[in-house]
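One structure is given here, and the rest of the page talks about it.
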Amino acid sequence: MPQEWDIRPRSDTCVNCETSFQDEQDVFSALVLREGQYRRDDFCATCWGQQEPAAAAYSTWQGFFRLPPPPRQPALEKETAESILRRLMEEKDESRRSVIYILAVMLERKRVLVEREVKRPPDGPLIRVYEHRQTGDTFLVPEPGLRLDQLEQVQQDVIAMLGGDPQKRTQEHDEDAAEENTGGDSP
Ligand SMILES: [Zn+2]
């Protein structure tokens, strides 16, 4: 019995005839255990009718194929990491301190902000002092004390706020980091 659960998304095409599903078309799905792995197969009605009774199927169901929703329209005035950071810091919403911290780190990496000082109050969190390179504004950003896995989640949330694709942006960040590393090693 396999231990790992995962969700398999619905295919865009019939597994048998490879015809693309149309919007609101009937789709027949089977979750089949093969070689210790669950595999999901999606069939059009015609191909499903030609199947042997699905004895091997772990479960079967019938549904509609739905075309994915169109991509979200960009907002008229696009929010940037900086505009969101400024807004959230003005709102002084304690629950957003993780988001504020991540935005500040992002802007530091983009060289919009530069870290000027780290304050270590005897009681309370470490505070990073950032300065805006262009305007000279100072941003005092307390560290939220996130664990690495929490940090990851907040990063995804922030990228979503910016209307981006989390996966893509993460890769871009990794590339940025790699460039910075190689740049630092050169004589
Ligand atoms: Zn088919």
*What do you reckon, is Arg87 more than 16 Å from the ligand (Cβ to nearest atom) and at pLDDT below 65?*
no
_Selected residue (criterion: modelled with the lowest pLDDT) from residues of the range 8-46 that are under 15 Å from Arg66 (Cα atoms) and either more than 13 Å from the ligand (Cβ to nearest atom) or of a type in the set (D, E, K, R) (or both)_ = Pro9
*Which condition number does Leu140 fail, the rest of (1) outside any loop (DSSP other than H, G, I, E, B); (2) within 21 Å of Val112 (Cα to Cα); (3) under 26 Å from the mean Cα position of the chain (by Cα) being met?*
(3)
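From Thr135, Thr182, which residue is at pLDDT below 80, outside any helix (DSSP H, G or I) and of a type in the set (Ser, Thr, Tyr)? Before the answer, list the steps.
Working: Thr182 fails: outside any helix (DSSP H, G or I).
Result of the check over Thr135, Thr182: Thr135.
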*Qualifying residue in the range 130-151 (condition: free of Cβ contacts under 8 Å to residues at least 24 places away in the same chain and touching a Pro at 6+ places or on another chain (Cβ under 8 Å))*: yes
*How many residues are basic (Lys, Arg) and within 19 Å of the chain's Cα centre (by Cα) if we restrict to the range 84-96?*
1
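The values are calculated or read from the model by the stated rules, or taken from the named source; none is laboratory data. Nothing here was measured: the structure is a model prediction, and the numbers come from that model. Neighbour counts are summed over all protein chains in view; Cβ atoms, including those assigned to glycine, are modelled from backbone coordinates with ideal geometry.
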